[in-house]
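These notes concern the structure reproduced below.
The values are calculated or read from the model by the stated rules, or taken from the named source; none is laboratory data. A quick note: this is a predicted structure, and the numbers were derived from the prediction, not measured. So basically every Cβ, Gly included, is an ideal-geometry build from the backbone, and we count neighbours across all protein chains shown.
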Amino acid sequence: MTTDTSRTATATATATPSTDISAAASGTWTLGDLTVNRIGFGAMRLPQNGGALVENAVPRDRDQAIAVLRRAVDLGVNHIDTAAFYFSPLRSANELINSALGPYADDLVIATKVGPTRDVSGAWTDHARTPRALRAQVEENLRQLGRDHLDVVNLRVLGTDSIAERFGALAELREAGLIRHLGVSNVTPDQLAEARGIAPVVCVQNMYGIGVRPEYAEFVRHCGEQGIAFVPFYAIAAGGREGGATATTEPEEILAVARAHDASPARIRIAWTLHQGPHLLAIPGTGDPAHLEDNVAAGALKLTEEELALLDGVHKAAV
């Protein structure tokens, strides 16, 4: 099952969020000179049910996907995460964003990623490593989104080798005006330091959440100390990754906190993420309007010290 269908199965009490919810309740962070609400939206799941990277998933209804994007903006979301490789045989996340939200509001920040490549069938083919290949990916994102520049481009990394040449190529495109700000994704602390030696880095996108990568605690703190946003992916899906949350039950500690707030476990997971520091930005993705509102409502949920300690115990137990 995907995140969109399994999340309610794990909840003993899931309340419908208030109609006055707003992403603004999560607070703000600045990506370079761009201010965003800390609750954003991830576009990976828009092209089809189960996510654009999942084989044999059912294409999502186009009207529903566009409605979810417009509703996200109505709820105050002004930070959308996407990529040209978020596509299915019938849908492209970037094209849906362009159709739903163009012409774009001045305060809307669209962050994209480059690096991975897929052929027309959706199969992974390689990882762009040359300046020419990376420029082609940047230009493809520009075309699909209908932009003359990209707000934030994250270099998505596989492996622990040097990223100097690749990040340097993106830094040159930033100097040329095609990119406003740069980030890195799936990186080690050493790779972040290498990138920062080449050009400013405004964000780090790494897998992180309750029970996921507890060893990143020091890395997360370091990013905050350097004024760098930490943007976790799969914060809800956890080990299910792009396939979504697959567990039929949540840890009792998460369920207990969810019951105390009359909230879904997904909302508790997002709230915990935001409580890890003011520089944490959440980008949960969904194609379901109700789940979208539930996700955004997490920005206003305040966890007590006792609840945080309980959830931290679940998190650290994964070491």
Qualifying residue in segment 88-95 (condition: modelled with pLDDT under 95, within 27 Å of F230 (Cα to Cα) and within 16 Å of the chain's Cα centre (by Cα)): no
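Among the strands (runs of 3 or more DSSP E) lying completely within segment 82-193, list those that include at least 1 residues that are under 16 Å from A43 (Cα atoms), in contact with a Lys or Arg (Cβ under 7 Å, 6 or more places away or on another chain) and acidic (D, E).
Details: elements: 109-114, 116-118, 124-127, 150-156, 179-185.
So the answer is 150-156.
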So, in segment 110-133, of the ones that are more than 20 Å from the chain's Cα centre (by Cα) and among the hydroxyl-bearing types (S, T, Y), which residue ends up farthest from L155 (Cα to Cα)? S121
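Please go through segment 26-67 and give me each residue that is part of a helix (DSSP H, G or I), of a type outside the set (G, A, S) and out of contact with any Lys or Arg (no Cβ under 9 Å at 6 or more places or on another chain), ordered by number.
Just the residues of segment 26-67 that are part of a helix (DSSP H, G or I), to begin with: 26, 62-67.
When the remaining residues are screened for being of a type outside the set (G, A, S), the result is 62-64, 66.
Hits for segment 26-67 are D63, Q64, I66.
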Evaluate the following for A123: is it touching a residue at least 12 places away in the same chain (Cβ under 8 Å) and at negative phi? no
Any residue in segment 270-282 that is without any contact (Cβ under 8 Å) to a residue 40 or more places away in the chain sitting within a Cβ distance under 6 Å of a residue that is of a type in the set (G, A, S)? List the pairs, counting only those 6 or more apart or interchain. A271/A298
Mind listing just one residue for me: the one in segment 53-88 that is farther than 14 Å from I39 by Cβ and of a type in the set (D, E) and, of those, surrounded by the most Cβ atoms within 10 Å (Cβ to Cβ)? D61
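Take G115 and decide whether it is closer than 26 Å to P232 by Cβ, small (G, A, S) and in contact with a helix residue (DSSP H, G or I) (Cβ under 9 Å, 6 or more places away or on another chain).
On the way: closer than 26 Å to P232 by Cβ: yes; small (G, A, S): yes; in contact with a helix residue (DSSP H, G or I) (Cβ under 9 Å, 6 or more places away or on another chain): yes.
In short, yes.
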